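This report refers to the structure that appears directly beneath it.
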Amino acid sequence: MKRFELIFIILVVLLYSLAAFTRNLVWKDDLTLWSDVIRKSPGKARGYNNIGVFYAEKKMPGKAIPFIKEALRLKPDFVFAYIALGNAYMKSGYADPAIESYRKALSIAPGFAEIYTNLGSAYVQKGMIDQAIAAYEKSISINPGYVPAHVNLASAYGSKGLTQNAIDGFKRALALEPDNPDILYNLGISYEESGMVREAVTAFQETLKLRPDDTDARERLKELRGN
């Protein structure tokens, strides 16, 4: 996550494995596992959805989408499938159907903070920053401790040139995760863009303490120090 790069949170359906030793060969990977589930229970949605999640995680969203849609055909109120479908569309670069999918998920689970964060990321992909900010704020109102929403909100403010808002947002995120070098780095960028050189230097130094091989932070620090 560099220079106000927004986090896109993938909400993954938890995959369950069986302990029986006799099934170990069948469960050698998630694709084999869930393909076997579909073969044995073709009318159940979970197997299709989890194959879709598998393909999306393997950066094959085009293969993921048909499986997830089949899961939704079998179970139209499957909130995690709508989330997975939105994620797959986002990976394919299709923000509009992703937004539609996340909204459908929210119609089923309106108290799910993470969905609002994903929705905000879809709005960012379309350049709809004000709508993204509103979505991130809603996510935070539901779950004030959800760090990705704070980070993405701060990043969205930064992309609008509202650097003080960005600084405040990254500080709130850092209070929740004080050892996160990505947050520290982006806080440093916000300070730098606000002309707060001393604070930026401190933030980049703290970044390097946590991640000594961070070449971007090291370069920013060198430039600020003039050497």
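The values are calculated or read from the model by the stated rules, or taken from the named source; none is laboratory data. Note that the structure is a prediction, hence the values are computed from the model and not measured. Note: ideal-geometry Cβ built from the backbone for every residue, glycine included; neighbour counts use all protein chains shown.
Structure values in brief
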{"read-out": "Every residue from the stretch 63-90 that is charged (D, E, K, R) and under 23 Å from residue 123 (Cα atoms)", "value": "69"}
{"read-out": "So residue 104, is it in a loop (DSSP other than H, G, I, E, B) and under 20 Å from the mean Cα position of the chain (by Cα)", "value": "no"}
{"read-out": "Hey, residue 208 touching a residue at least 12 places away in the same chain (Cβ under 8 Å), more than 25 Å from residue 100 (Cα to Cα), in a helix (DSSP H, G or I) and over 19 Å from the mean Cα position of the chain (by Cα) or not", "value": "yes"}
{"read-out": "Residues within the stretch 160-207 that are surrounded by 19 or more Cβ atoms within 10 Å (Cβ to Cβ), under 24 Å from residue 129 (Cβ atoms) and in contact with a Gly (Cβ under 7 Å, 6 or more places away or on another chain), tallied", "value": "4"}
{"read-out": "Filter result for residue 147 (closer than 29 Å to residue 99 by Cα and in contact (Cβ under 8 Å) with a residue 60 or more places away in the chain)", "value": "no"}
{"read-out": "Subset of the stretch 64-98 that is in contact with a Pro (Cβ under 6 Å, 6 or more places away or on another chain), crowded, with 17+ Cβ neighbours inside 10 Å and not hydrophobic (A, V, I, L, M, F, W, C) - its residue that is farthest from residue 151 (Cα to Cα)", "value": "89"}
{"read-out": "Any hit, the stretch 99-109, residues being farther than 21 Å from residue 71 by Cβ, crowded, with 16+ Cβ neighbours inside 10 Å and not aliphatic (A, V, I, L, M)", "value": "no"}
{"read-out": "Among the residues listed as 183, 140, 133, 189, the single one being part of a helix (DSSP H, G or I), within 24 Å of the chain's Cα centre (by Cα) and under 30 Å from residue 75 (Cα atoms)", "value": "140"}
{"read-out": "Unmet requirement for residue 59, which otherwise passes all of (1) modelled with pLDDT of 70 or more; (2) assigned to a loop (DSSP other than H, G, I, E, B); (3) touching an Asp or Glu at 6+ places or on another chain (Cβ under 9 Å)", "value": "(3)"}
